[in-house]
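Have a look at the structure below before the remarks.
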């Protein structure tokens, strides 16, 4: 990391939503009240963890694998760290799985976050990573994402942007839309929005 501090993986998702959120959270230390959907998401996570513990591997197109829930992932050479909802470990591969309560198309930031867990898991377990999964909605619909060159490039670019913004300590510009701003818990800290 070249002397840089590691940041939480979820800041990659937050940065995609608005690059100011990592600044407010990490540099300014602001801890606004969490929106109601955070507690709903936590309850959903607990339920999916219990269900997934007893389910087979068919939904991941795997025949076997060891499940590591709430897997703590940190590697000194990687500028981010986090706790993955689930890492499936097979003989040669690791597959990160993220639980999302909403049942809709996933945003770029959500996919980027699960990809980052895969990169970390590959380094921790010393195994290959080429696919990530998101389980969404009450039914646990499983969506597979390939860790291809486009995602590798996105992850490298955005993690570098977050690291740079945190290193400089200067509040970045935001191109967030009005729709994003009105749902953001950090809106009160932005005096140039709306």
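Data table
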read-out: Enumeration of residues in region 91-116 that are touching a helix residue (DSSP H, G or I) at 6+ places or on another chain (Cβ under 7 Å) and in a helix (DSSP H, G or I); value: 108, 109, 110, 112, 113, 115, 116
read-out: Candidate set: region 119-131, residues that are touching a helix residue (DSSP H, G or I) at 6+ places or on another chain (Cβ under 9 Å) and buried (at least 17 other Cβ atoms within 10 Å of the Cβ); chosen: the one farthest from residue 59 (Cα to Cα); value: 119
read-out: Meets criteria (touching a residue at least 24 places away in the same chain (Cβ under 8 Å) and crowded, with 18+ Cβ neighbours inside 10 Å) for residue 139; value: no
read-out: Of residues in region 117-158 being touching a strand residue (DSSP E or B) at 6+ places or on another chain (Cβ under 6 Å) and part of a helix (DSSP H, G or I), the one farthest from residue 21 (Cα to Cα); value: 125
read-out: Test: residue in region 160-176 that is in a loop (DSSP other than H, G, I, E, B) and under 16 Å from the mean Cα position of the chain (by Cα); value: no
read-out: Single condition residue 47 does not satisfy, out of (1) buried (at least 21 other Cβ atoms within 10 Å of the Cβ); (2) farther than 27 Å from residue 168 by Cβ; value: (1)
read-out: All positions within region 50-66 that are assigned to a helix (DSSP H, G or I) and surrounded by fewer than 16 Cβ atoms within 10 Å (Cβ to Cβ); value: 50, 51, 53, 54, 58, 59
read-out: Test: residue in region 109-125 that is over 19 Å from residue 80 (Cβ atoms) and over 14 Å from the mean Cα position of the chain (by Cα); value: no
read-out: Positions within region 132-149 being in contact with a helix residue (DSSP H, G or I) (Cβ under 8 Å, 6 or more places away or on another chain) and under 21 Å from residue 90 (Cα atoms), in sequence order; value: 132, 133, 134, 135, 142, 144, 145, 147
read-out: Residue 69 surrounded by 12 or more Cβ atoms within 10 Å (Cβ to Cβ), more than 22 Å from residue 190 (Cα to Cα), touching a helix residue (DSSP H, G or I) at 6+ places or on another chain (Cβ under 7 Å) and at pLDDT below 95; value: no
read-out: Any hit, region 161-173, residues being under 16 Å from residue 73 (Cα atoms) and surrounded by 13 or more Cβ atoms within 10 Å (Cβ to Cβ); value: no
read-out: First in region 44-72 and on the phi > 0 side of the Ramachandran plot and free of Cβ contacts under 8 Å to residues at least 40 places away in the same chain, second anywhere and surrounded by 14 or more Cβ atoms within 10 Å (Cβ to Cβ) and not in a strand (DSSP E or B), Cβ under 6 Å, 6 or more apart; value: 65/57; 65/90
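The values are calculated or read from the model by the stated rules, or taken from the named source; none is laboratory data. The model shown is predicted, which means the values in this text are computed figures rather than measured ones. Positions of Cβ are generated from backbone atoms using ideal geometry, with glycine treated the same way; all protein chains shown enter the neighbour counts.
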